[in-house]
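Data block below; observations after.
The numbers here are math on the coordinates, done by the rules we state, and not lab data. Keep in mind that what you see is a predicted model, and the values were worked out from it rather than measured. Here the Cβ positions follow ideal geometry from the backbone for every residue, glycine too, while neighbour counts run over all protein chains shown.
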Amino acid sequence: MASKDRNSYDHVLKYVGIFGGVQGLSILVGLVRNKVVAYFLGPYGMGLVSLFNSTINFISQSTNLGISFSAVRHISELFDSGDEFRIQHFIKVVRAWSLLTALIGMLVCVAAGPLMNHTFSWGDHTLHFVLLAPAVGLMAVTGGETAILKGCRRLSALALIQVVNVFVALVMAAVAFSTFGQSGIVPVIVMMAFVMMLTTVWYSYKLFPLQLRGSHGVLGEGMGMIRLGVAFVLAGILGSGAEILIRAFLNKTGDLGAVGFYNAGLMIAVTYSGMVFSAMETDYFPRLSAVGDDRRQICDMVNRQIEVSLLIASPLLALLIVFMPIVIPLLFTNAFLPVIAMAQVAVLSMYFKAISLPIGYLQLAKANSMGYLLLEGLFDVTMVLLVIVGYHYWGLIGTGVALSISYFVDVLLVYAYAYVKYGYRLSLSVIQLIAIQLPLGIAVYISTWLDNAWVSWGIGIILAFVSMAVSVNIVHQKTGLWNAFKTRINSKLHGHG
């Protein structure tokens, strides 16, 4: 294999590993932070934190025009062109729009305070929303600067910023809640948003200092960025709407307990196991955006990303299915044991997501906002309908089956669209990898049906390690990482010798 290909595989593998690891660390520290919040604030305080966070996140996502995502595409293209003047100018455009959306977001938060107050069944929290408005503005500024760093491929800096923010948030929550109790909730949320902005701006401004001269009239530019960003926001709203419909149906047909179980299963199967895909937006999307119209290069890049995602995710997903009976009580309580079967089958959906997500980014990389919206809308409608049918006939486990089928249908739709629109084709190596890892994952899941627990665990663990062996062997063949590891070990041994 050519050196260029080796380096490409090494690069993708490296950053999938880095950002997957950072995401894993964030989840672990987040669990500790939740324990801290629960200890000092109790259920009432946790509910308050959750409602405040979800509300300001919704306002932020609805008013930021998707700049944190859409700006990456254009900056990435300019960065690869090496045109320093145009890069600097477009960064002014991004910063101007970020500031505008920050002001709009804060005004919406203040104006919507009385309306949002109705989401609470106790007390008057209108003043709290007014005080939370700066957090929405700070999040908009952070989003713009993050887009600049992503587009200019400052990936190590982004990983470091995430790690620093996670630990600062933990310390801040522990100190504030232990000292002020529930009175510290609003200040902590605002301060966390400020720290995130500060760490991101500090590095971004060091790389590209703030220039006010020549900023007049820049808001008239970047409309392509805004159109794509709005499509991204609308897709997010569609996704949120789909989740609300599902939860409303479960609450009406079942009860609040069914909603809680569904949320827990979704969190384990989709959110936590999906941490492997966290490098997509940070590393893969900027590189894909800069490729241009070279179809062969596009196919190679998408296929390589699918391959690496499957290589890393497959063994982890197989192990997650096997150890779900341990993971659920560990993360929640024994009251959530009914979630196990649902979560195990839902994990299979992540095999399909590893295929569909890299292909789906083609629409965004090509600024095809209508195509992206169409595919996201079809996925959301499919998921809602299948979850309703699944729960109606098979209860909670039916929702897990529905999630996996939804993602499988999404693969078919996304691939068919990319096949026709961009001439995209799955490579032979990707097809071979799918043909090995997907049946192994399904076999691991089927092994959980066995009545004999020891036989079930034994077969599941063996199959998971077969999956791992396949991945390790392919990684060894296609990258220079193994040789680099051996060289480092040998140099250390000689150094001690």
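Of note:
- Hull-based mean projected area of region 222-497, where the convex hull spans the alpha carbons, in square nanometres: 18.2
- Nearest-20 debye value, the chain charge dipole, Cβ charges on Lys, Arg, Asp, Glu: 980
- Residues in region 298-334 that a label on K35 would reach, taking backbone N under 11 Å of a point 7 Å out along Cα→Cβ: 331
- The value obtained for region 159-250, namely the Cα convex hull volume divided by the number of residues, is 194 Å³ per residue.
- The charge dipole of region 144-294, taken about its Cα centre with unit charges on the Cβ of Lys, Arg, Asp and Glu (plus for the first two, minus for the last two), comes to roughly 260 debye.
- Helix runs (DSSP H) in the chain reaching 27 Å along axis by Cα, Kyte-Doolittle at least 1.6: 155-180, 185-207, 428-447
- Positive end of the dipole of the chain (Cβ unit charges, origin at the Cα centre): among G400, V29, G241, the Cα lying farthest that way belongs to V29.
- Partners for K478 among aspartates and glutamates (Cα-Cα distance below 13 Å; same-chain residues under 8 apart left out): D5, D10, E307
- Residue among L115, L440, A133 farthest towards the positive dipole end of the chain, charges placed on Cβ: L440
- Directionally averaged shadow of region 310-402, computed from the convex hull of its alpha-carbon atoms, nm²: 7.1
- Volume per residue that the Cα convex hull of region 261-312 spans, once the total is divided by residue count, Å³: 83
- Counting beta carbons within 10 Å around each of W457, W97 and listing the fewest first gives the order W457, W97.
- Label-point separation in nm, H476 to N334, each point 7 Å along Cα→Cβ: 4.4
- For region 222-497, size of Cβ-based charge dipole, Lys and Arg +1, Asp and Glu -1, in debye: 680
- Think of the chain as a dipole: +1 on every Lys or Arg Cβ, -1 on every Asp or Glu Cβ, centred on the Cα centre; then among S467, V420, F52, S467 lies furthest on the positive end.
- √(5λ) per eigenvalue of the Cα gyration tensor, the chain, largest first, Å: 34, 32, 24
- Distance between the modelled labels on S183 and V381, one decimal in nanometres: 5.3 nm (7 Å Cα→Cβ projection).
- Applying a threshold of 21 Å to the alpha-carbon distances of K14/K206; K366/K421; K252/K353 flags K14/K206; K252/K353 as lying beyond it.
- Sites V455 and L212 - FRET efficiency at Förster radius 56 Å, r taken between beta-carbons, to 0.05: 0.20
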